[in-house]
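The values are calculated or read from the model by the stated rules, or taken from the named source; none is laboratory data. Just so you know, these numbers come straight off a predicted model, no measurement behind them. We place every Cβ from the backbone using ideal geometry, glycine too, and count neighbours over all the protein chains shown.
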Amino acid sequence: MTDIAAPTIDTRKRLSVIWMIPLVALALGVWMVVHAKLSEGPVVEIHFATAESIEAGKTKVRYLNVEVGQVEEVRLSDDMKGVVAMVRVDQDARHLLREETQFWVVRARVGAGNISGLGTLLGGAYIELSPGGGTVEQRNYVGLETPPLTPAGAPGIKLNLLSEHAGSVNTGDSVLYNGYKVGRIEGMGFDDVLNLVRYDVFIDAPFDTLINSSVRFWNISGISVSASASGVEVQTGSLDTILLGGVAFHLPDGADIGSPVESGADFKLYDNFASMQEKPYQHSIDYVVEFSQSLRGLLPGAPVEYRGIPIGTVTRIMAAEVIADMHQKNGAPIPVLITIEPGRVGLPDTAESVELIQQDVADSVSQGFRASLEIGSLLTGSLYINVDYHPDAESEVMGEYAGRASIPSIQTGLGRIEEQVIEFLSKANELPVAETLKSVDTMVNSLTETLRSMDELLSDREMQQLSAEMMAAIKELRSVLTGLSPEGPAFQSFESSVGKLNETLANLDELTRTLKDQPNALILPTKFPADPIPGATY
Amino acid sequence: MRTLLLFLIALASWLVSACSTTPQTRSTYLLRSESQHESGPLQVGNEYLGDVKVASYIDQSGLVLELADGVVHVAKQHHWAEPLRTSLRELLSVEIAAATGRSLGVPAKDGTRVEVKVSQLHGDADGNAVLIAQWSLSSTEMTQAYQFNQNLALEGTGYAALVAAERALLVQLARSIAAELK
């Protein structure tokens, strides 16, 4: 008989396979949540001045016109002085969120120089992203109120221009080199530390290599008209710089190329080309020239010339020093501070050249080297200072004024003319003008009376007849004189008569000699000895 | 009365005999150029003849002979046909024109003035004709003076030979002047 094994009863409870379904669903849910979290981009805070054109859940963030994020929330900043836009940036664009990354709102803008963002009138405003060049991720940004003129990371060099006044240079204006646009003004502000207007300038590559420590920037906005001792000068830039303003840079004449500069270097912004050209040299020497004549028309910057060659400029008229000394010397000459730069005459721009000039000037004063005021422009009345040799000048030596060497002055040209005019006027003033005018008046009256009498005389009929008779007499006299001329018959007859008279006189002379030899020759036959025969023996 | 009549007859006879005396012959000489010119127009030059002066001792009608040094004789029977100044001027004008090929012009400010002064013109005891003259050329720019001193032996004897020799000397003088004018 077969034994039937007793059944083994497993009393353990087992989890039903059916439960796998919710577990899988749970796992999927978890995975989806994690994936969603992992794939979600970061949220960045962007601070703007206003929320104009920015709407939560609607305003997109774009880079190169590709949507890379969206504004999720807009709220006021903690200090209530601006707004904060919470922007969700796509995960695949998070690498754009670096240092120097810039955000600005693209909306329709109408400015003096351009019109932009017209496309947003229909599609709505958006936030433009410009990735920076840094490597560290950043989540807080300050949005730009205006689009940057230069993309972040663009090759080139950033510079600062410092000016004493804002002038007509504005953000967006061009920076020109030899008339060609090589950069732009990116921004402007007032530096309250330096108390100067600061312009942010960007020079595009490869023109940034033109920048060195010797270049100078000047304002070329509008039309610059200046009147100086050199005459009237008009400076203009291109048409857009005339209308919109701009800046140019160049090496001053005679200046050597300087050393390279780092990004962010400061440069002075000169008012015009002429002021940019002033003092391009590093080495110079100051002299004082004292003038006793009027300095009207002599301005700082006026040239100092030696026989027409510019060798320096007038730095300033030392009026303050004169006023300080006025209680000591009434009517003292007015000192003028001039600067002579050896580099202007082709000498090396070195301290040795300065010493050479100093020595030359010191030696030349004893030989008549003097400074004089000359008229630079009759139109403007501008003056300049000329230095030259005047051998006839009184002997003088180098002086000193306020710690500076002083070159003696001499009056020539304008001053001398002025003196002569004054002298002439003084003499003219001494003339007995009143008596002379009285005599002239009497003479004129007499002359008038004479002319009136002559007029009456000439208008008299008898006088007119007399005149006709005189004309006839003159005509006859002319006829007579014509007959007496060498070509006339009377003259020829006269000449013939004179000839005959001479002949008669010769005969008479011969008769006289004959009678002297033989007094009875008139009644007795005359027998002279025969004349000797030429060629025969006498 | 009879005595007076005889005196008158004698006087008349003497006078008639005087008139019957043969007068001495008198020769006159014309000093003229002998250059031959062709007929036709003559170019007028820029030069003109100014003063022609002659020394006083020859400025008379008789020809002059120098018998010894400083001793001159003025011929009584041999005379110039016209004043010597006139003859000299005429002869020099013609001969200068012949030598230069152009006629002397009239005085002008920018012209060249020719002046001649004849110091001696006579025959000497050696049978030569003598001519010594000074002449000059003057213009606005400059004045140049020249001297002419030549003797020429007479070809024969007599005053005609003397006149011929003096004419030849004057022609030489004219050619000297013309050479400087060219």
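Worth a mention:
- For the stretch B:60-100, the set of residues classified as part of a helix (DSSP H, G or I) and either in contact with a His (Cβ under 9 Å, 6 or more places away or on another chain) or closer than 20 Å to A:F528 by Cα (or both) consists of B:V94, B:A97, B:A98, listed by residue number.
- Scanning the stretch A:44-68 for residues that are at positive phi and either among the aromatic types (F, W, Y) or in contact (Cβ under 8 Å) with a residue 40 or more places away in the chain (or both) yields one hit, A:S53.
- Boolean, A:E72 is under 17 Å from A:R139 (Cβ atoms), not in a loop (DSSP other than H, G, I, E, B) and not aliphatic (A, V, I, L, M): yes
- First in the stretch B:40-60 and under 18 Å from B:K182 (Cα atoms), second anywhere and among the hydroxyl-bearing types (S, T, Y) and outside any loop (DSSP other than H, G, I, E, B), Cβ under 7 Å, 6 or more apart: B:L42/B:S103; B:Q43/B:S103; B:V44/B:S103; B:G45/B:T100; B:G45/B:S103; B:N46/B:T112; B:E47/B:T112; B:L49/B:S93
- Qualifying residue in the stretch A:420-440 (condition: under 22 Å from A:E290 (Cα atoms) and touching a residue at least 24 places away in the same chain (Cβ under 8 Å)): no
- Whichever residue in the stretch A:375-415 is in a strand (DSSP E or B) and farther than 23 Å from A:D363 by Cβ and, among such residues, is modelled with the lowest pLDDT: A:S377
- Counted residues, the stretch B:129-182 - those being free of Cβ contacts under 8 Å to residues at least 40 places away in the same chain and either within 14 Å of another protein chain (Cβ to nearest Cβ) or of a type in the set (A, V, I, L, M, F, W, C) (or both): 15
- Subset of the stretch A:150-187 that is of a type in the set (A, V, I, L, M, F, W, C) and in contact (Cβ under 8 Å) with a residue 60 or more places away in the chain - its residue that is farthest from A:W218 (Cα to Cα): A:I157
- Selection status of B:V54, at pLDDT 90 or above, among the β-branched types (V, I, T) and in contact with a helix residue (DSSP H, G or I) (Cβ under 8 Å, 6 or more places away or on another chain): yes
- Pair list, Cβ under 6 Å, 6 or more apart: the stretch B:65-84 residue within 18 Å of B:L30 (Cβ to Cβ) and facing chain A (nearest Cβ under 7 Å), other residue aliphatic (A, V, I, L, M) and in a loop (DSSP other than H, G, I, E, B): none
- Filter pass, A:S446 being part of a helix (DSSP H, G or I), surrounded by 10 or more Cβ atoms within 10 Å (Cβ to Cβ), among the small types (G, A, S) and at pLDDT below 80: no
- Within the stretch A:141-171, the set of residues being under 18 Å from A:F190 (Cβ atoms) and at pLDDT below 85 comprises A:E145, A:T146, A:E164, A:H165, A:A166, A:G167, A:S168, A:V169, A:N170, A:T171.
- Taking the stretch A:188-230 and the strands (runs of 3 or more DSSP E) fully enclosed by it, the elements with 3 or more residues that are at pLDDT 85 or above are at A:196-204, A:216-219.
- When the residues of the stretch A:118-140 are filtered to those that are modelled with pLDDT of 80 or more, in a loop (DSSP other than H, G, I, E, B) and hydrophobic (A, V, I, L, M, F, W, C), the one that is farthest from A:D208 (Cα to Cα) is A:A125.
- Of all residues in the stretch B:14-43, exactly one satisfies the criterion of being modelled with pLDDT under 70, away from chain A (no Cβ under 14 Å) and surrounded by 10 or more Cβ atoms within 10 Å (Cβ to Cβ), namely B:H37.
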